[in-house]
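This report concerns only the one structure given below.
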Amino acid sequence: MSTGKVALVTGAGSGIGRATAIELAGNGFAVGLLGHTVSELNEVAALLRDAGADTETLDADISREDEMEAAIARLVKRFGRLDAVVANASINGTWAPIEDITPEEWDKTIAVNLRGTYLTLRSTVPHMKRGEGGAIVIVSSINGTRTFTTPGATAYAATKAAQLAMVQQLALELGRYRIRVNAVCPGAIETSIDDNTTVRGEHETAVPVEWPEGEIPITGGDPGQPEDVARLISFLVGDASTHITGTPVWIDGGQGLLR
């Protein structure tokens, strides 16, 4: 049953974004599916429409101001409102010793993960302010917020730490508009994000510690599923979490407690 509410999910074509779009649609949201791989977006849109949900596909690069502004304007024109934003799109980028990461590699990670989050909020918050409030969830990570042992992931960890700082800053700034802002911080989740990871010099940056057998205690070492994160995001944008803002929620099966 439709709630009349509208959500935007970035990186909606795969992994956590895809699972979140499906979860929110199942909870009555119309969903804007934003990404840069149109074939994936169309596949998700077809699934949502087959289930009776309303949706709009939005082809945009989150690091490009003009593309984000146009995409969000199109979404709001279609549905007339925006109630929830899930800033999920990101890349792992290059993991390498700090002296080996090139400025171009560093800038690419910052552009997608941090500038992309900023542009997502810059283009959506004005529409949320004009409405009845709403909720923003930024998908951060245990890297940079709870653990710092991923070899060479300095640029990635820096963006994820900065995302959490944005959450806590904006929770206060946007509270007067009844907009809540929270972060989910996944550990190992079975997605395709490793496809955009470049790793060099791992032996130079790895921390020489032997962890207990099974890095994720609650699952015996198996990674979580995108649907696990999607259910948490659905809770944070829903009515059951109306007094939660400025909060990171780690969803890692206890992985971060070992590292």
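Can you pull out the residues in the range 216-259 that are of a type in the set (A, V, I, L, M), part of a helix (DSSP H, G or I) and in contact with a helix residue (DSSP H, G or I) (Cβ under 9 Å, 6 or more places away or on another chain)? Answer for the range 216-259, where residues must be of a type in the set (A, V, I, L, M), part of a helix (DSSP H, G or I) and in contact with a helix residue (DSSP H, G or I) (Cβ under 9 Å, 6 or more places away or on another chain): Ile218, Val229, Ala230, Ile233, Val237, Leu257, Leu258.
The condition of being touching a residue at least 12 places away in the same chain (Cβ under 8 Å), farther than 30 Å from Gly253 by Cβ and not aliphatic (A, V, I, L, M) does not hold for Ser90. Of all residues in the range 241-259, those satisfying the criterion of being closer than 18 Å to Val85 by Cβ and over 17 Å from the mean Cα position of the chain (by Cα) are Ser241, Thr242, Ile244. With respect to being surrounded by fewer than 23 Cβ atoms within 10 Å (Cβ to Cβ), acidic (Asp, Glu) and more than 14 Å from Thr10 (Cβ to Cβ), Asp61 falls outside the description.
Scanning the range 80-96 for residues that are assigned to a loop (DSSP other than H, G, I, E, B) and surrounded by 15 or more Cβ atoms within 10 Å (Cβ to Cβ) returns Arg81, Leu82, Asp83, Asn88, Ala89, Ser90, Ile91, Asn92, Ala96.
Output the residue which, of all residues in the range 1-36 that are at pLDDT 95 or above and touching a Gly at 6+ places or on another chain (Cβ under 6 Å), is surrounded by the most Cβ atoms within 10 Å (Cβ to Cβ). The residue in question is Val9. Identify all residues within the range 111-153 that are surrounded by fewer than 18 Cβ atoms within 10 Å (Cβ to Cβ) and either over 29 Å from Gly80 (Cα atoms) or acidic (Asp, Glu) (or both); write none if there are none. Matches in the range 111-153: Glu132, Phe148, Thr149, Pro151. Counting only residues that are farther than 17 Å from Leu41 by Cα and surrounded by 16 or more Cβ atoms within 10 Å (Cβ to Cβ), the range 64-76 holds 2 of them. Looking only at residues of the range 25-41 that are assigned to a helix (DSSP H, G or I) and hydrophobic (A, V, I, L, M, F, W, C), we find that the one that is farthest from Thr10 (Cα to Cα) is Ala25. Candidates are the residues of the range 43-91 that are among the β-branched types (Val, Ile, Thr) and more than 24 Å from Leu174 (Cβ to Cβ); the one that is modelled with the lowest pLDDT is Ile91. Taken over the range 228-259, the criterion of being buried (at least 17 other Cβ atoms within 10 Å of the Cβ) and touching an Asp or Glu at 6+ places or on another chain (Cβ under 9 Å) is satisfied by Ala230, Ile233, Ser234, Val237, Ile251, Gly253, Gln255, Arg259. Within the range 41-56, being in contact (Cβ under 8 Å) with a residue 24 or more places away in the chain and surrounded by fewer than 19 Cβ atoms within 10 Å (Cβ to Cβ) holds for Glu43, Leu47, Ala51, Asp54.
A quick yes/no check of all residues on (1) within 20 Å of the chain's Cα centre (by Cα); (2) farther than 22 Å from Val184 by Cα; (3) assigned to a loop (DSSP other than H, G, I, E, B); (4) among the aromatic types (Phe, Trp, Tyr):
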| site | (1), (2), (3), (4) |
| --- | --- |
| Glu43 | yes, yes, no, no |
| Gly52 | no, yes, yes, no |
| Glu67 | yes, yes, no, no |
| Arg78 | no, yes, no, no |
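The values are calculated or read from the model by the stated rules, or taken from the named source; none is laboratory data. Remember, predicted model here, so these are calculated numbers, not experimental data. Cβ atoms come from the backbone with ideal geometry, glycine included; neighbour counts cover every protein chain shown.
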